[in-house]
Amino acid sequence: MTRILFSDKLDNCVAKWRSAGLTVIGPVQEEAISRYAAVEKGTDLSFGTVLPDRSLKELFFPQTEPMTSYTIKKNEIETTDFTPPQGKRIIFGTRACDASGLAIDDPLFGWDYKDEFWFQRRNESVIVTIACTKSDDFCMCTSLKLAPDSTKGADVLLRPIVKNKGWIVEELTERGREAFAIISEYLLESPEPAIPTVIVPEKFNLDTCVAWLQNPENFDSKFWKEISMRCIGCASCTYLCPTCHCFDIQDEGDTYSGIRRKNWDSCSFALFTMHTSGHNPRSTQSARWRQRIMHKFNYFPGKFSVNSCSGCGRCSRQCPVDMGITETLQEISKL
């Protein structure tokens, strides 16, 4: 027998988790945008889309975040550091590609400096992933050697059963087991079979692409100019990406006081690499697009032994000029 969480008990589960002090977060539909947000009851959750428009990243790496406040006095400068946020939470209904994105970025945020804000949120979050039973033309997890039911980055994996009646529960970590022990009275043994995961066709040969990118002769290939002609540098691909992590630090305030903040930035912007002298080592959009692809599939795996892409397809799905990582790697595969 397998344990089943029936969907008609989800309201009870959310109430139970909330009464235990956990914030419950999941996919919600807000007018034209779907994203992960806090909910008060199970019926607030929306599972109808292939995946939310916004990724899971912003729950762990916010668009903007205060680091330090400062006050300039006559003979000294007083500073006060902001502390990482407190509070346990359960994120219910993530997709495998979003959960994988967190695991991909973990070594980066703990590399030469341990980002306490990132790991505080990671350690206090239970990630509950639902295996995908549908996809669209933009999904490419299998091309990145992942899967619609990947357990990477997840604490619990749920497999849907027929007629949207609920999910088979697979607890993966101690953190996941503790969270689901809270709702154990609503987990019932049943022989219900799981719906098979969706088959996501491979869009490109990753090994072929990586080999081409690692060849120094291709760094100055005319391919980069040709493929990036359409790019308008809007950075929507980087902001929507579950693994992109570039940020800038700015001081906001007046002559006497202010706050130092960490804000999302993007390698797609011309100012991202602009030097104070006025020199820009990536002065063209083709150089910036090359950096994005090289970083994800050459530099990042060279440092952390994992590609900086989870195959969600948002970069192509939301691009206003119909280009993204999928299209670029498909063209590299042909080369």
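The values are calculated or read from the model by the stated rules, or taken from the named source; none is laboratory data. Since the structure is predicted, the reported quantities are computational estimates derived from the model, not experimental observations. Cβ: placed from backbone, ideal geometry, glycine included. Neighbour counts: every protein chain shown.
Just a few scattered comments:
- Tabulated pairs, the range 189-206, first under 30 Å from Ile332 (Cβ atoms), second surrounded by fewer than 18 Cβ atoms within 10 Å (Cβ to Cβ), C-beta under 6 angstrom, 6+ apart or interchain: Val198/Thr133; Val198/Lys134; Phe204/Gln330; Phe204/Ser333; Asn205/Ser333
- Check on Lys114, outside any helix (DSSP H, G or I) and more than 30 Å from Thr208 (Cα to Cα): yes
- Within the range 107-131, the set of residues being surrounded by 18 or more Cβ atoms within 10 Å (Cβ to Cβ) and among the acidic types (Asp, Glu) comprises just one member, Asp115.
- Scope the range 66-100; condition over 30 Å from Gly166 (Cβ atoms) and among the charged types (D, E, K, R); matching residues: Lys73, Lys74, Glu76, Glu78, Asp81
- Residues within the range 270-293 that are of a type in the set (A, V, I, L, M, F, W, C), over 19 Å from the mean Cα position of the chain (by Cα) and at pLDDT 95 or above, tallied: 2
- A residue that is modelled with pLDDT of 95 or more and assigned to a strand (DSSP E or B) can be found somewhere in the range 142-157.
- In the range 183-239, the qualifying residues are those that are within 21 Å of Glu327 (Cβ to Cβ) and of a type in the set (Gly, Ala, Ser), and the one that is surrounded by the fewest Cβ atoms within 10 Å (Cβ to Cβ) is Ala211.
- Elements of the type strands (runs of 3 or more DSSP E) sitting completely within the range 1-84 and holding at least 1 residues that are more than 29 Å from Asn263 (Cα to Cα): these cover 2-6.
- Any hit, the range 250-268, residues being of a type in the set (Gly, Ala, Ser) and either surrounded by 21 or more Cβ atoms within 10 Å (Cβ to Cβ) or free of Cβ contacts under 8 Å to residues at least 40 places away in the same chain (or both): yes
- Any chance Thr68 is touching a strand residue (DSSP E or B) at 6+ places or on another chain (Cβ under 8 Å) and free of Cβ contacts under 8 Å to residues at least 12 places away in the same chain: no
- Scan of the range 132-154 for residues that are touching a strand residue (DSSP E or B) at 6+ places or on another chain (Cβ under 9 Å) and either under 16 Å from Leu188 (Cα atoms) or buried (at least 24 other Cβ atoms within 10 Å of the Cβ) (or both), ordered by number: Ser150, Gly153, Ala154
Residue-wise test of (1) touching a strand residue (DSSP E or B) at 6+ places or on another chain (Cβ under 8 Å); (2) of a type in the set (Lys, Arg).
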site: Cys237; (1), (2): no, no
site: Arg260; (1), (2): yes, yes
site: Asn263; (1), (2): yes, no
site: Phe297; (1), (2): no, no
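- Residue in the range 89-106 that is touching a His at 6+ places or on another chain (Cβ under 8 Å) and surrounded by 13 or more Cβ atoms within 10 Å (Cβ to Cβ) present: yes
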